[in-house]
Every structure is written in C-alpha cells, then in structure tokens.
Amino acid sequence: MRTIFHILLAVVVVCSLFQVNTVVPEYKMYGSAEFIHYDASTNEFVNNDPGLAMWRASGDVIPNTHPGCFKRVPAKEQLNITFRPNGPMWRRAWPLFLVGMATLRPIYVHARPDRAYEERFDTLLMVNGSVAVLNQVTIDLLGYPGLAIDETFVSSDVAEGEERPWLLNYLRNHIQEVLDAGDEPVIFCTLLSYNACGSLDLLRQLKADFGDKLRTGVGGQLVRVCPSAYLSQPYIDHVGVGDAEAVLGELLLNGKKFAEGYKPVTREDHYALPHYDNLLALPERLTEMSHYDFGPMVAPRMLITESCRGCAWANAVGAACPFCSLQGVEWIARFRNFEDHFAIERELVEKYGANWLFDVSNQWIPEMGSAQRMWLESYIKAKKKYGGPEVGRYVYLTAGSINEHTAPLLPQTGVKVAYVGIDGWDKETKRALGKQVTNDRRMLQLARDNGIFIRTSMVIGSGLTLDNIEELPRYVKATLDEFGGNTILSWGNFIEIVLPGSQDWSDFRKLAYQNGLTDVQDLYRSFETNGCLTLDEQDKLNELRIRHTQPQVAYEQVLEAARLAEEAALQSLAYSTTIRHGDKLMRKD
Ligand code: SF4
C-alpha cells in the first residue's frame, strides 16, 4: 500500500510541476528576462524556473511589461520540448518523494595526487572547488548538501602525506553513522589523471568494507576518456560522463549505472556555484593558508570560482592545444552574467572571509584579439555597478591576453596574478604546441609595468631540435634572471605529459597501433583496463612519445636539457616546479 501511495503521490507532484503549451512558428515568445532566455547557438527557448515564470506566445503584440524581451519562434520542422526540473518549485517538491524512505547522504571526495607525486608547494592554497560545486548540484536535487572532502587538507592535525589513513578512518565512521541512522550513503570521487589511482583505491577499500550498503561512483574529466574502464570495475556502481548538472540526478536519484550529459550554458544559466559550507575542514584550511605568503598573496584566504567555461583561444583557432585534456574547451567561451558573478564573489568574501579568488576558468577572458580590451572595460564598469569586492584575483590567461591595451586594465579588474602558458621557447616549439608566436619578453615587461605577477611553464616535448633543446636552459636562465621573483612567481619545466583525453593521447594511440608499438599499446591497455596510469606508467608514456615523435633529438638529450632548465629555475628567485619535484613555501610563524 505504501509503495502505491508513493507512486501516486509522485505522479501528482510531477504533473503539478509542468504545463505544456505548443508554440506556433513565427509567433513571438516573451517572458521575464530574469528567468527565461533564448539561446541562439542551440536554438533553445529555456525557462530556468518553471515555478516562477513561463514563456508566453503572441502573434503580434508584446505587452509593455516585457519590452524588447522576446524572440520570434523560427519555422522548424520539428519541435522538441525538454523538461529540466531545476527550479525552486522542484526543489520544494522533491522531499515529498522521500517521506518514509531512507534519506540519501552523498559524499564527494576529491582525492589528493597519487602518492608518487610530490605535494606541490601551492597545494594548500588551492582548495578544490569541484566537490563544492557537486554539493550545490546536490542542493538543487535534494534540497540539502552532501559532505564535500578535498583530501589535500582534511584536518589541521593531519600531517602532509598522512591524509589517506585518516580519511579512510573518518569515512568508515561517517558511513557507519549514516547507516545506523537508517539513511543511505553514496560516495563519488572526481577523477583527474593525477589522482585517479588513489581515488579508485579509496572506493575499492570502502566497497570491500560496506558492500551493497554503500553505493560508489566516479565522475570528472578523466572518466569520459574510457568510461568502460570504470563500468567494468565491480566496486563501482555509478559512472558519470559530462557535467554534474546533467548527470548527477540520474546517478544519485535514479540509480543509473551510467549517465552522460552536458549542460547547455548561457550567460544567464551558467554552471552551478560552489557551495563551501559543507567542505570538510575549510575554516581550518583558510586559517592555515593565511600563514603563508606567496608573492602578492599576503596572508591569503583563497577560494575557487569558475566564471567562464570554454576557452576563447581554442574556440578561436578551432582546436585545443595538443597537450590539453580539458573537457569542452573548443566551445564558445561564456562568462557568467556580471550581476551573478559579482554577487557570488561578494558572498565568498562576506561569508568565508576570502581575500583572494582563484578563478579556474580555462581562460578567464572570454574573447580574443581586440575584443579583449572591450570586454575588460565592460568588466570594470560592471564591477563598479554591481559592487564587485576588492579581492586579489588569480586567473589563467594566454600570452596574447597581456598586451599594450589589456595590461593597464587588468589591475582594475583585480587581476594580480595570472598563469600564462608560455609553453614554447622558440618558433618551432610554439608552433608544434599550437601556440601563437608571441613576444613573451614584451608580455613580461608589460606585466611588470602594471604590477601583474606571472606563473608560467615550459612544455618540453614537441617541435624539438638539437638547437632548441640546447637553447632551453639558456632561455630559462635569461628569462628568470630578468623577471624571476619581481614578475615571475613560479616556473614549471614539464616534460610534455600525454594526458588522457588530449590530442597527444589519441594521436599517439593511433601511431602505436599503426606502427605496432607494443610497449606503448601495453600502457594504453593498462589505462583502459584499470582506469588510471601510475606516475611511472605516465612517465614511460611521455618518454616513448618523445622517442617516437621527435626524430631530431635523443630522449636523453631532452632529459638533460630539462634538468638544466630546472636547475636554472631552482637558482632563480621564482618558485620552481616539475611533475615530480617542487620548491616549498615557508610558513611565516
Ligand atoms: S591548454 Fe589552455 S589555452 Fe590551450 S586549449 Fe587548454 S585551456 Fe585553452
């Protein structure tokens, strides 16, 4: 009886949430701009909040209440109506389904880099925002958050490198408490190439402890590369590919084994915001990080936001950089509407005392060329209009984004530190990496003149010649002698990593099968079976790629050049970092 009652209740509630109207081609659609919009790129009419607003259609007259806020319905052969139940009405209604049922208690873990990776000097400063975003998506779905955990900092009592035993113990206790309360625990890990093995290990151990009483799942950028690697693991119940906004409900609520989906993003309907309230040990972490200074970041309390998806550079040239494994970078870059953007930032400042924001957008400026200046001007105007907070801002930019026109404007936006991928150090290396051939010395001078600090790195593995690998250490030394410490805060020397999901990854896989490179095939097979590469496997893959694709140089010569470049960075006033080693920030007191 109770089951039938629940089904009937569900049907009634769902039906009451939707109203379907047909629309006539050539009619005008209009409504409140606060909730509805038309997305020309996907030809979609979207109502973000069916509980509060609705699209209306008119053959001719648009009422004065909606001046200019309408679109003509294009003549189409087919009309699709898609329901996305994501408004507050849905949020209010959803708990009705839970009456008498076990309450879902989601846990989201972003694992620390696998053990072989040395902790980066800035890890403490980089709170993981993705688990906080998952928590916001959970609030949208369930009306309450889950528990978000960034394993790089779980408690101020836990020493660096000792997080895993502590976390396992903590999770075991937490999950048992949830079960004892009659609720249902579900744990998801976000997988990236550097933490996948450790994440899978964590899920394997917890599944062994709790069996069917605990649901486990994976999502994150790495999963889309080979979902079958995770679907075939007996200790994983759910596999999500794409954006959490599109797939988490299917996995968490509908119990699907696999879901794939991407959120169509507009300026008005952007990605979910981070919800930091339930991030384990966040207050302690913010206090701890304030004991470290890093260039202009003095006593930082830094939180993560993401204002722009897509990458203006990749979109402009029609391809991602060959080593880039980020999802959706070729899409049109869309920055969140300024009013929301500044409201979020104000909240992070007022609620958590943030004084720095690391905006992890792939490229912070959503434009290229001369449009960058205009965009920065509109940003500065909007910052005044919407009361944007005075915080330090750390963002990703291309080398071409710091020029005579933009450099004087960037400080007015709050940008004080930018990560700029210089990547190549001569024409051959830049071209092979799909980069603009820019005057990087000029870019660094402009940054220095305008008080902008730069973090940057070399990607060593494409376009290599005997001349340019000999030149590399000299280039690093000369650049850091001039700019190290006063402009360049940190310098990375990275052997090009064949990141799963990148163009390098698919090109090299193709070459391995075309040319019968069995040692390379074994590495790909290992990833496709286990869902991760150990750091040794990753290093081996990087090495083999250079050996098979850079015929003008011997791998040993490349390693030696990279070693000398690292030495130059270590001797400079900038912080040095490589995939295995890094400088350390000193605690002030
Ligand atoms: S590496 Fe940076 S610039 Fe290149 S495609 Fe990826 S996000 Fe864009």
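Per-residue answers, yes or no, for (1) more than 16 Å from the ligand (Cβ to nearest atom); (2) modelled with pLDDT under 95:
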site: Val239; (1), (2): yes, no
site: Lys263; (1), (2): yes, yes
site: Ala272; (1), (2): yes, yes
site: Thr287; (1), (2): yes, no
site: Met297; (1), (2): yes, no
site: Val329; (1), (2): no, yes
Q. Looking at this structure, is Leu499 open to solvent by 10 Å² or more (accessible area, probe 1.4 Å) and either at negative phi or assigned to a helix (DSSP H, G or I) (or both)?
A. yes
Q) What are the pairs, 6+ residues apart or on separate chains, where a residue within the range 385-399 that is under 9 Å from Phe358 (Cα atoms) has its Cβ under 6 Å from a residue that is away from the ligand (no atom under 16 Å from the Cβ)? A) Gly392/Trp356; Gly392/Lys416; Arg393/Leu357; Arg393/Gly414; Arg393/Val415; Tyr394/Val417; Val395/Val415
Q.
Please go through (1) away from the ligand (no atom under 16 Å from the Cβ); (2) within 28 Å of Pro500 (Cα to Cα); (3) modelled with pLDDT under 95 for Asn278 and return the number of the only condition it doesn't satisfy.
A. (2)
(Q) Being under 26 Å from Val127 (Cα atoms) and under 15 Å from the mean Cα position of the chain (by Cα) narrows it down to one residue among Val247, Val223; which is it? (A) Val223
Q: Look at the range 406-436 and say how many of its residues are closer than 23 Å to Ile497 by Cβ and either within 15 Å of the ligand (Cβ to nearest atom) or of a type in the set (S, T, N, Q) (or both).
A: 15
Q. Looking at the range 294-315, which of the residues that are in contact with a Ser or Thr (Cβ under 6 Å, 6 or more places away or on another chain) and within 20 Å of Phe335 (Cβ to Cβ) is most open to solvent (accessible area, probe 1.4 Å)?
A. Glu306
Q. Which residues, taken from the range 271-281, are of a type outside the set (A, V, I, L, M, F, W, C) and open to solvent by less than 30 Å² (accessible area, probe 1.4 Å)?
A. Tyr271, Pro274, Tyr276
**Q.** Meets criteria (within 15 Å of the ligand (Cβ to nearest atom) and either in a loop (DSSP other than H, G, I, E, B) or under 18 Å from Gln436 (Cβ atoms) (or both)) for Glu390
**A.** no
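Table: residues versus (1) part of a loop (DSSP other than H, G, I, E, B); (2) surrounded by fewer than 21 Cβ atoms within 10 Å (Cβ to Cβ).
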| residue | (1), (2) |
| --- | --- |
| Tyr194 | yes, no |
| Ser199 | no, no |
| Thr216 | no, no |
| Gly240 | no, no |
| Leu251 | no, no |
| Asn254 | yes, yes |
| Glu260 | no, yes |
| Val265 | yes, no |
| Asp269 | yes, no |
Q | Number of the condition not met by Thr549 [criteria: (1) under 21 Å from Leu192 (Cα atoms); (2) open to solvent by 10 Å² or more (accessible area, probe 1.4 Å)] | A | (1)
Q: Report yes if Ser156 is outside any helix (DSSP H, G or I), surrounded by fewer than 16 Cβ atoms within 10 Å (Cβ to Cβ) and in contact (Cβ under 8 Å) with a residue 60 or more places away in the chain, otherwise no.
A: yes
Q) Within the range 363-373, is even one residue within 9 Å of the ligand (Cβ to nearest atom), open to solvent by less than 40 Å² (accessible area, probe 1.4 Å), of a type outside the set (A, V, I, L, M) and closer than 22 Å to Val417 by Cα? A) yes
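Residue by residue, here is whether (1) within 16 Å of the ligand (Cβ to nearest atom); (2) open to solvent by less than 30 Å² (accessible area, probe 1.4 Å) holds:
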site: Ile332; (1), (2): yes, no
site: Phe335; (1), (2): yes, yes
site: Phe338; (1), (2): no, yes
site: Ile344; (1), (2): no, yes
site: Glu347; (1), (2): no, no
site: Asn355; (1), (2): no, no
**Q.** Residue check for Trp364: without any contact (Cβ under 8 Å) to a residue 60 or more places away in the chain, closer than 23 Å to Tyr271 by Cβ and assigned to a loop (DSSP other than H, G, I, E, B)
**A.** yes
Q: Hey, could you check the range 305-322 for residues that are hydrophobic (A, V, I, L, M, F, W, C), under 23 Å from Ile460 (Cα atoms) and more than 7 Å from the ligand (Cβ to nearest atom) and say which is nearest to the chain's Cα centre (by Cα)?
A: Ala319
Q: Please go through the range 237-275 and pick out each residue that is among the polar types (S, T, N, Q) and outside the structural domain of Asn135 (by TED's automatic domain parsing).
A: Thr266
Q: Go through Phe483, Phe453, Phe527 for me and flag whichever is open to solvent by less than 10 Å² (accessible area, probe 1.4 Å), in contact with a Lys or Arg (Cβ under 8 Å, 6 or more places away or on another chain) and either in contact (Cβ under 8 Å) with a residue 12 or more places away in the chain or not assigned by TED's automatic domain parsing to the domain that holds Leu573 (or both).
A: Phe483
(Q) What's the number of the only condition in (1) closer than 26 Å to Ser576 by Cβ; (2) open to solvent by less than 10 Å² (accessible area, probe 1.4 Å) that Gly414 fails to meet? (A) (1)
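The values are calculated or read from the model by the stated rules, or taken from the named source; none is laboratory data. Treat the numbers as computed from the prediction; the structure is a model and nothing was measured. With ideal geometry, Cβ positions are generated from the backbone for all residues, glycine too; neighbour counts draw on all protein chains shown. Protein only, heavy atoms only, side chains kept; ligands, DNA and RNA dropped before computing areas. Shrake-Rupley method; radii C 1.70, N 1.55, O 1.52, S 1.80 Å.
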